[in-house]
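To keep things clear, I will list the structure first and then write my remarks on it.
The values are calculated or read from the model by the stated rules, or taken from the named source; none is laboratory data. Bear in mind the structure is a predicted one, so any value in this text is a computation, not a measurement. In this analysis, Cβ positions are derived from the backbone assuming ideal geometry, glycine residues included, and neighbour counts consider all displayed protein chains.
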Amino acid sequence: MAKPGNPSAGKGKKKGPVKGTGGLGRKALEGRGPTPKAEDRAWHVAGKRKAAAERYAAAGGKGRPGQKPTQSRAPKSKAGDETENVTGRNSVLEALRARIPATAFYIAQRVEMDDRVKEMLSIATQRGIPVMEVTRPELDRMAGFDGVHQGVALKVPPYEYAHPQDLLEQIIDKGQTPLLVALDGVTDPRNLGAIIRSTAAFGGQGLIIPQRRSAGVNSAAWKTSAGAAARVPVAMAPNLTTTLKDLKKQGVFVLGLDGGGDVALPQLELADRPVVIVVGSEGKGLSRLVTETCDQIVSIPISAATESLNAGIAASVALYQVATIRAAAE
């Protein structure tokens with residue numbers, strides 16, 4: 001009688017030889033071999049550092065762009081863009097000096113006439129831009145809720161974006177070492193304007209923004225850039241990750257800014273090479289695909305009492321460091 005609780009009791013056992021597995025489990029027992037070194041794993045931080053070092057060593061000169069990008073040309077403006085009103089004396093004057101194709105120049109009644117206003121009127125008259133005298137409440141409406149117009153406004157068509165490849169070729173043709181900024185998920189146009197201004201201040205030649213989930217060059221960006229948007233081109237990438245990979249093929253090093261980076265900004269060794277600095281959003285930071293594309297992830301040393309830096313400030317600090325290193329190397 002079988003004992004209770006024994007699940008095998010009462011089961012018959014097959015007599016005679018039992019067929020084996022034929023060695024099917026032998027490979028599992030052998031394992032997968034030795035674990036590759038961290039530097040030999042492409043996705044690992046050490047692997048990326050090794051790849052960047054190899055590219056750094058191979059980049060003997062500035063060079064010209066190599067392989068053309070595989071992506072199609074980006075549209076010249078974001079979908080749904082409409083005519084913008086540039087406000088503020090510095091922004092309007094810079095736009096007029098840069099010969100932005102404005103369609104109307106607005107000036108407030110009884111505005112204080114300083115040298116800037118006189119130059120605006122002179123340029124607008126010479127270019128045949130209609131000059132409209134309007135009330136301050138009308139300018140308030142044109143400037144928006146928190147806009148400061150200082151008595152002037154300029155109506156401009158939708159911003160025409162460059163293509164990243166055209167932007168790079170123009171920089172190389174001028175004999176300059178590329179210094180670009182790419183934005184990954186920065187949706188505040190005021191941050192975009194501030195980064196445009198910093199790029200101009202520290203010798204950068206342009207910005208790259210993705211076509212989707214990104215702030216565009218609108219009136220708020222124009223205003224915050226203090227006119228720098230008229231001098232620094234902004235290119236639009238249909239796909240930011242693909243664009244960064246294309247830039248890498250042409251000898252441009254991709255540096256991502258992140259608090260947990262593997263390289264501290266003061267120890268950056270790639271500053272004198274063609275570089276694009278990628279700035280992520282304040283909330284999420286760099287996206288996963290962009291992070292994996294970067295040659296190095298760079299951190300900015302800050303006080304432990306401060307959790308993070310604003311995207312615009314982080315870009316400014318990184319641009320300043322690169323500009324300082326390049327100036328010292330000249």
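May I ask you to verify whether residue 187 is touching a residue at least 12 places away in the same chain (Cβ under 8 Å), surrounded by fewer than 21 Cβ atoms within 10 Å (Cβ to Cβ), of a type outside the set (D, E, K, R) and farther than 22 Å from residue 325 by Cβ? When the stated conditions are applied, residue 187 passes them. Restricting 227, 251, 261, 285 to those that are over 15 Å from the mean Cα position of the chain (by Cα) and more than 24 Å from residue 167 (Cβ to Cβ) reduces the list to 261. The residue that is farthest from residue 155 (Cα to Cα), among those in region 97-116 that are in contact with a Leu (Cβ under 7 Å, 6 or more places away or on another chain) and at pLDDT 90 or above, is 116.
Please enumerate the residues belonging to region 253-295 that are assigned to a strand (DSSP E or B), among the small types (Gly, Ala, Ser) and at pLDDT 90 or above.
Going residue by residue through region 253-295, those that are assigned to a strand (DSSP E or B) are 253-257, 263-264, 275-281, 285.
Next, from what is left, pick out any that are among the small types (Gly, Ala, Ser): 256, 264, 280-281, 285.
The answer is 256, 264, 280.
The criterion of at least 2 residues that are in the same structural domain as residue 273 (by TED's automatic domain parsing) is met by the following helices (runs of 4 or more DSSP H) wholly inside region 85-184: 164-173. Among the numbered conditions (1) closer than 30 Å to residue 253 by Cα; (2) surrounded by fewer than 18 Cβ atoms within 10 Å (Cβ to Cβ), the only one that residue 112 does not meet is (1). Against the conditions (1) part of a strand (DSSP E or B); (2) farther than 19 Å from residue 201 by Cα, residue 306 satisfies every one except (1).
Scan 138, 160, 133 and give me the residue that is more than 28 Å from residue 216 (Cβ to Cβ), charged (D, E, K, R) and either in contact with a Phe, Trp or Tyr (Cβ under 7 Å, 6 or more places away or on another chain) or surrounded by fewer than 19 Cβ atoms within 10 Å (Cβ to Cβ) (or both). It would help to see each step written out before you state the result.
Values: 138 fails: more than 28 Å from residue 216 (Cβ to Cβ); 160 fails: more than 28 Å from residue 216 (Cβ to Cβ).
Checking each option against the conditions leaves just 133.
Evaluate region 211-227: report whether one residue or more is buried (at least 18 other Cβ atoms within 10 Å of the Cβ), at pLDDT below 90, closer than 27 Å to residue 302 by Cβ and not small (Gly, Ala, Ser). Yes - at least one qualifying residue is present in region 211-227. For beta carbons closer than 6 Å, sequence separation of 6+ or different chains, a first residue in region 81-101 that is touching a residue at least 12 places away in the same chain (Cβ under 8 Å) and more than 16 Å from residue 197 (Cα to Cα) and a second that is part of a loop (DSSP other than H, G, I, E, B) and among the polar types (S, T, N, Q), the qualifying pairs are 84/218.
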